[in-house]
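Structure record follows, encoded as structure tokens.
The values are calculated or read from the model by the stated rules, or taken from the named source; none is laboratory data. Predicted model only: the values in this text are computed from it and were never measured. FYI the Cβ positions are ideal-geometry reconstructions off the backbone, even for glycines, and counts take in every protein chain you see.
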Amino acid sequence: MRKHKKIRNKKIGLPPGSLVYVGEADVKHFDAVKITQITYDADSIIEADLAIGELANFKHDPSKKLWLNVHGVHDVDVIKKLGDLFNLHPLVIEDILNTEQRPKIDEFGDYVFLETRHFYYHPESLSVSSEQISMILGKHFLLTFQERSTGAFAPIRERMRASHAYIREQGVDYLAYALLDSVVDRYFSVLEAVSDASETLEEALLANPTNAELHNIHQLKHASIELRRAVWPLREVVNSLTRNEHGFFQPSTVPYLRDVYDHTVNFIESLESIRDSLSGMMDIYMASVSQRVNLEVRALTVVAMLFMPATLIAGIFGMNFHWMPWIDDRNGFWWALGIMSGIALVMILIFWRRQWLGSKT
């Protein structure tokens, strides 16, 4: 998976609220910003694309519920126009343009702003990637901002199109819950993929550990760190939403938010279990490498010890003395070889009894 270079240095030295896009350096491959408008109530739903040029004359009927979804945040002018249209704080617009934000929540007088991340798993590289999703919830409107069109909210749109859909009967606060719940559900899908890869990797480690498995361990550990970095603050975000201190959520929606909070806690516990398993795999790999080195050293030690008596005998008979046993004996050479072989056989028997000649420790 190719990693894109990020733009960060343009923010250095600028005052708070400066509108600068912080994200992928190469935005040429991005599609143009697309705004999807969904106006709905319990009996009807209208979907349309909102042209950029129509923003200046856009009017929202307060009797209808509005969801504006923006694909693409790299165009600063478009995001600024939306901010002016809905009277968003400059710091909110700045955070939308900064795609490297951690999940957070900010409450203002007439709307609440929250950010989270949507994750994708890449099985070929055992890695994860994410995109930032920003939400602005008002009394009668919901704004969502995505880095690109990925179909992340397609299931929610399908639910809204159904006749007598419960999601249309509720307020935009329930729609915000549904979108947040879909993001958390996606986390579990990614977590399941990481867990399956972890189990497969553990089996490979126990069978025949190689450097490839070590690389895969590091890849999965990095993926788990990325997930943990996003979900830990998200848990606090959802917990803050459940308190509903400013009343942006109806009392009937709060129990659903508590359910999302329970899901985040469950996710964190499962993720910690996988992280512990990956740490154990590293120990397994190091122990396997150490065991392999020990076996190789033991094999070399056995060979060296087998030849040491022969070397000693050869060295003794190679001393430059005139009178030595078997020097003048016609069979002296064979007697020396016999002694060498006999000692070697005895040593092999001893090694075999001590199980040094097998793979057991």
| field | Any chance A197 is farther than 22 Å from E100 by Cβ and buried (at least 17 other Cβ atoms within 10 Å of the Cβ) | value | yes
| note | Restricted to segment 82-131 and to residues being touching a residue at least 24 places away in the same chain (Cβ under 8 Å) and of a type in the set (G, A, S), the residue surrounded by the fewest Cβ atoms within 10 Å (Cβ to Cβ) is S125
| R159 vs. criteria at pLDDT 90 or above, assigned by TED's automatic domain parsing to the domain that holds Y261 and not hydrophobic (A, V, I, L, M, F, W, C) | yes
| query | Which strands (runs of 3 or more DSSP E) does segment 16-122 wholly contain that include 2 or more residues that are at pLDDT 90 or above and out of contact with any Ser or Thr (no Cβ under 8 Å at 6 or more places or on another chain)? | reply | 34-40, 104-107, 111-122
| request: Filter segment 248-298 down to the residues that are among the β-branched types (V, I, T) and in contact (Cβ under 8 Å) with a residue 40 or more places away in the chain, then identify the one that is surrounded by the most Cβ atoms within 10 Å (Cβ to Cβ). | output: V260
| query | Residues R161, R168: which one is crowded, with 18+ Cβ neighbours inside 10 Å, over 14 Å from the mean Cα position of the chain (by Cα) and touching a residue at least 24 places away in the same chain (Cβ under 8 Å)? | reply | R168
| field | Residues (at pLDDT below 75 and not acidic (D, E)) located in segment 324-354 | value | M324, W326, I327
| task | Report yes if D77 is on the phi < 0 side of the Ramachandran plot, within 27 Å of the chain's Cα centre (by Cα) and either outside the structural domain of I45 (by TED's automatic domain parsing) or without any contact (Cβ under 8 Å) to a residue 24 or more places away in the chain (or both), otherwise no. | result | no
| query | If you check L142 against the conditions, is it assigned by TED's automatic domain parsing to the domain that holds H89, within 30 Å of D43 (Cα to Cα), in contact with a Leu (Cβ under 7 Å, 6 or more places away or on another chain) and modelled with pLDDT of 90 or more? | reply | yes
